[in-house]
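Structure first, then comments.
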Amino acid sequence: MSTMIQSLLKGLLGTCLIAGAALVSSPARAVIGTVDVVPAATILVPYFEVDLNNNNGRQTSVQVTNTSASAMLLNVTLWTDLGIPTFRFNIYQTGYATTPIDLRMLFKGVVPITATDGQDPVDLISPQGPFSQDINFASCNSTLPYATPLPAATLTALRNAHTGQSSTTFGGSCGGVAYGDGIARGYITIDTVSACQSQLPGDVGYFLAGGGGTATNQNALTAQVTYMDRSQNQSSAEPAVHIEANGVDPLTNGAGDNTFYGRFVAFTGADNREPLFGMSQARYFNTSGLSTEMVVWRDPGAAVSPFACGASLPGPYPLGQREFVGFDEQEDFTIFSGSPAFPYAAQTKSVSSFFPSAGGHLFLNLVSSVGDPTISFRQQHYLSVRHRSGNSYSGQTAASQLVNASQPSNDNYIIASF
């Protein structure tokens, strides 16, 4: 590996460390409509993968932190890579607690074990620090702490659902893409909630206009995602997506607002969650020693239902794009106009499969060109990039937001507008 590549990657990692130090030394300033790493009411893990056949293969873990002194109750939902929910569980956190979610262990049937003060009066499960609140949620008395491992039938259904196979979770239908490689894929949402319950984000009463639903607007969570593949000596980490809630901001509290959970609340703004990217950009590298992989999460824009295994994917898949542009180091650009570049709700793709130049910038407008044109602009996305140099160095960073998804799609062009 060249000295130049080593210096570049070490510089990237150093920049991340400096940015982290700045966050610690000064108060976080939240801006609704801007994707920033500040305490949030919803956490999005945009992509996960777990190799079910190789304990040393690909795996994903999440560390969720409660940044407040107040005790928090969280609802964790797993979704397939087509955006269909499969499994949910609650996490209780005392003030300032950090809870790991190990996806490999979850797909072996071990759910994170936590308990509120009512189920854990001597703090053997969820410890209480000297400045931490520890309270009882009576609604959790029959559920927390979880009994593990999960029943065999539940675990089989979960593993099948996330590998694109027939699953009893979907009544024998499928809900994900069948790659045939034994790797479970999908994404995760984590919401602050007021009670232990069995609801999913799309269920009636989970969000209510003006508040009062199961989900709350407590902007208190931060999270980190770690991806590992021991068989390849590879790992990378990045902050999860921090989605703030605000019940009074014009972007998140009214009819027609393009909120994060908009497709589940008929775009009424009842969820109060800020939307993500409408257009984004990121740096990429393609050399003999350095490569870039994209992690892309997309909002399908409408509720998605399970489908007959082996049949065509349900609408609105495959998701298209308005523009996907690569600039090289000489500022020349190429517009990718082939088949949908990122057709699913969650996926990874190598930049070299689209743009072979040695390096440059990516510009993405992933508003789908298919589906209902009256709501197409609501198909928000999130992008991060993994820069790798062999198996020695790696770094993962979020893309830059250029346009918020609340802006109408006909204003969101990169090249075609010139």
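The values are calculated or read from the model by the stated rules, or taken from the named source; none is laboratory data. None of these values were measured; they are calculated from a predicted model. Cβ placement follows ideal geometry from the backbone for every residue including glycine, while neighbour counts extend to all protein chains displayed. These area figures cover heavy atoms from the full protein model, side chains too; ligands, DNA and RNA do not enter into them. Shrake-Rupley method; radii C 1.70, N 1.55, O 1.52, S 1.80 Å.
A few points about this structure:
- Top-ranked residue in the stretch 293-318 [being touching a helix residue (DSSP H, G or I) at 6+ places or on another chain (Cβ under 9 Å) and closer than 16 Å to Tyr382 by Cβ; ranked as modelled with the lowest pLDDT]: Gly301
- Among the residues making up the stretch 145-197, a single one is closer than 30 Å to Thr268 by Cβ and modelled with pLDDT under 95: Gln197.
A quick yes/no check of all residues on (1) of a type outside the set (Lys, Arg); (2) within 30 Å of Ser173 (Cα to Cα):
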site	(1), (2)
Pro201	yes, yes
Leu208	yes, no
Arg230	no, no
Asn258	yes, no
Thr292	yes, no
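- Checking each residue in the stretch 166-220 for being within 20 Å of the chain's Cα centre (by Cα), of a type in the set (Asp, Glu) and surrounded by fewer than 16 Cβ atoms within 10 Å (Cβ to Cβ) picks out only Asp203.
- Flag if Phe87 is in contact with a His (Cβ under 8 Å, 6 or more places away or on another chain), at pLDDT 95 or above and farther than 29 Å from Ser280 by Cβ: no
- Residue match in the stretch 176-189 (condition: closer than 30 Å to Gly254 by Cβ and not aromatic (Phe, Trp, Tyr)): yes
- Of the criteria (1) in a loop (DSSP other than H, G, I, E, B); (2) at pLDDT 90 or above, which one Gln401 fails: (1)
- Among strands (runs of 3 or more DSSP E) entirely within the stretch 39-87, having at least 2 residues that are of a type in the set (Asp, Glu) and closer than 14 Å to Leu103 by Cβ singles out 42-51.
- Matching residues, the stretch 116-149, being more than 13 Å from Met72 (Cα to Cα), under 28 Å from the mean Cα position of the chain (by Cα) and assigned to a helix (DSSP H, G or I): Ser139
- Breaking point among (1) surrounded by fewer than 21 Cβ atoms within 10 Å (Cβ to Cβ); (2) in contact with an Asp or Glu (Cβ under 9 Å, 6 or more places away or on another chain); (3) in contact (Cβ under 8 Å) with a residue 60 or more places away in the chain; (4) outside any strand (DSSP E or B), for Gly95: (3)
- If you go through the stretch 126-181 and keep only what is among the charged types (D, E, K, R) and closer than 20 Å to Asn54 by Cβ, you end up with Arg159, Asp181.
- Test for Gly360: is it open to solvent by less than 40 Å² (accessible area, probe 1.4 Å), among the small types (Gly, Ala, Ser) and over 22 Å from Phe285 (Cβ atoms): no
- When the stretch 334-349 is limited to residues that are part of a strand (DSSP E or B) and modelled with pLDDT under 95, the one that is surrounded by the most Cβ atoms within 10 Å (Cβ to Cβ) turns out to be Thr334.
Results for (1) more than 16 Å from Asn272 (Cα to Cα); (2) of a type outside the set (Gly, Ala, Ser), shown as yes or no for each residue.
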| site | (1), (2) |
| --- | --- |
| Ala153 | yes, no |
| Ala157 | yes, no |
| Tyr187 | yes, yes |
| Ile190 | no, yes |
| Asn219 | no, yes |
| Thr222 | yes, yes |
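- Residue within the stretch 192-199 that is under 24 Å from Pro100 (Cβ atoms) and among the aliphatic types (A, V, I, L, M) present: yes
- Among residues of the stretch 350-381 being farther than 20 Å from Ser288 by Cβ and among the small types (Gly, Ala, Ser), the one that is modelled with the lowest pLDDT is Gly371.
- Among residues of the stretch 191-205, those that are out of contact with any Phe, Trp or Tyr (no Cβ under 8 Å at 6 or more places or on another chain), of a type outside the set (Val, Ile, Thr) and either touching a residue at least 60 places away in the same chain (Cβ under 8 Å) or within 15 Å of Ser139 (Cα to Cα) (or both), counted: 4
- If the condition is being assigned to a loop (DSSP other than H, G, I, E, B) and buried (at least 18 other Cβ atoms within 10 Å of the Cβ), then the stretch 150-165 contributes Leu150, His162, Thr163, Gly164.
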